[in-house]
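To start, the structure itself, in structure tokens.
The values are calculated or read from the model by the stated rules, or taken from the named source; none is laboratory data. None of these values were measured; they are calculated from a predicted model. Counting neighbours? That spans all protein chains shown, and the Cβs are built from the backbone with ideal geometry, glycine included. Accessible surface areas use protein heavy atoms only, side chains included; no ligands, DNA or RNA. Shrake-Rupley method; radii C 1.70, N 1.55, O 1.52, S 1.80 Å.
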Amino acid sequence: MQTTGNTQAMVIQQLYSTSLIESFPQQLMDASMFFNDRTSEFPEGEVLNIDQIGDITLSPYAENSPLDFSAIDTSRIELRISDYDQDSWFITDKLREDGASKIPGLVSSRLRKSTQAFMTKMVSDVMATQSQQTAGDLNLINAQPHRFVASGGTDGSRKITLDDIRQLKLSFDEANIPAAGRILIVDPTVEFELNGLAQVVTSDNPRFEGLIETGFADRTGMQFYRNIYGFDIMISTTLPRVGAETIDGKSTGATGVANMALYVGDDEGKPFMGVVRKQPTAGNKRNDDLQRDEHWALSRWGFALQRPETLAVVLTDK
């Protein structure tokens, strides 16, 4: 008689699936939405200098008196190619021979994750350009702040309030930013707070109808879903971390997040500008000396602050 007890050597102890379980990818927005692409006017070199011209101020004139001549303010901003990134990997012939059933899945997964990594890096780099504001300062434009700490919560645990979004609207209004094309990109923790705040005012504001059921944002494609005070709300997990920062007597802790209000109605009005000298470009070759197949991808780009008045940052804590 043969049983599992006396024929243990014939029992298959473990099986290994040929499939690979991947982590969920980040939901990404199109980075080009947020910056003015100057690649076509910047075909070579590493730095592009762009001249800016300011406003004029009229002065009173008295009859039969000398004219008061005045100059107009000019300035220059710089766009620099600053990021040169790569993803390189190889598969040895021995691994391909010994793991033949799993190698195609590994290659497919690695290529997909490489593409995702480059997309994530571009979005993160564009958003990181907010650091060209002055940290620890209100960055006043026409007497209104374009960088401030959220008014809710306490120092080190700051939460957004509707008053903070009202302030963003005032800051944009005073900077003469067009009403159409304003967006507010927030961390998921901020949307969580907004969903709670919305329940208080649902009966008073018909634009908040349905928030309890759906929340502010549609994560399936980072679509605009709700609007508060003229800002379309979007969610991103790639917003910059700013750590501890104190502005006007209020502070974030080590887990500070820079939530960003932007104008994206037209290229010249966008807060950021950028150059993409090399889109993520893949290549591969056979290395017979080392008996392996080598793969790589490279990218090269840079971003800068173009219009400080069309960017406003409200800092919260995670």
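At 1.4 Å probe size, put Asp87, Asp267 in order of accessible surface, largest to smallest.
Details: Asp87 35, Asp267 75 Å².
My answer, sorted largest first, is Asp267, Asp87.
Determine, from the Cβ-Cβ distance of Leu111 and Arg166 and an R0 of 41 Å, the FRET efficiency 1/(1 + (r/R0)^6), rounded to the nearest 0.05.
Working: r = 46 Å, r/R0 = 1.13.
So the FRET efficiency works out to roughly 0.35.
For the pair Tyr229 and Ile50, what calculated FRET efficiency results from E = 1/(1 + (r/R0)^6), where r is the Cβ-Cβ distance and R0 = 30 Å, to the nearest 0.05? Please list the in-between numbers first.
Working: r = 32 Å, r/R0 = 1.06.
Computed FRET efficiency for Ile50 and Tyr229: 0.40.
Assuming a ≥ b ≥ c are the square roots of the Cα gyration tensor eigenvalues, decide whether the stretch 244-318 counts as rounded (a/c under 1.5), prolate (otherwise, with a/b larger than b/c) or oblate.
Working: a/c = 4.91, a/b = 1.92, b/c = 2.56.
It comes out oblate by the Cα gyration axes.
Can you spot the aspartates and glutamates whose alpha carbon is less than 16 Å from Lys270's alpha carbon? Ignore those fewer than 8 places along the same chain.
Within reach: Asp30, Asp37, Glu78, Asp125, Asp173, Asp232, Glu309.
Among the listed pairs Lys113/Lys278; Lys169/Lys250; Lys113/Lys318; Lys113/Lys250, which have their C-alpha atoms separated by more than 28 angstrom in this model?
Values: Lys113/Lys278 19 Å; Lys169/Lys250 20 Å; Lys113/Lys318 26 Å; Lys113/Lys250 40 Å.
Lys113/Lys250, as the Cα separations exceed 28 Å there.
Leaving out ligands, DNA and RNA but keeping every protein chain, what accessible area does Leu111 have, in Å² rounded to the nearest 10, with a 1.4 Å probe?
90 Å²
Within the accessible area of the stretch 61-120, what % is carbon and sulfur when the probe is 1.4 Å and the other protein chains stay in place? Spell out each step's value before the answer.
Working: 2490 of 4560 Å².
Here it works out to 55 percent.
Net charge around Thr316, counting only other residues with Cβ within less than 14 Å of its Cβ (Lys, Arg = +1; Asp, Glu = -1)? Please report the intermediate quantities before stating the final value.
Values: positive: Arg147, Arg158, Lys159, Arg241, Lys250, Lys318; negative: Asp155, Asp163, Asp164, Asp187, Glu191, Glu193, Glu245, Asp317.
My count for the surroundings of Thr316 gives -2.
Using 0.36 nm per residue of separation minus the Cα-Cα distance, give me the extension gain between Lys94 and Ser70 in nm, one decimal.
Values: separation 24, 0.36 × 24 = 8.64 nm, distance 7.62 nm.
Contour length minus Cα-Cα distance gives 1.0 nm.
Residues of the stretch 241-281: accessible area per residue at 1.4 Å, in Å²? Spell out each step's value before the answer.
Numbers: 1540 Å² over 41 residues.
Value for the stretch 241-281: 37 Å² per residue.
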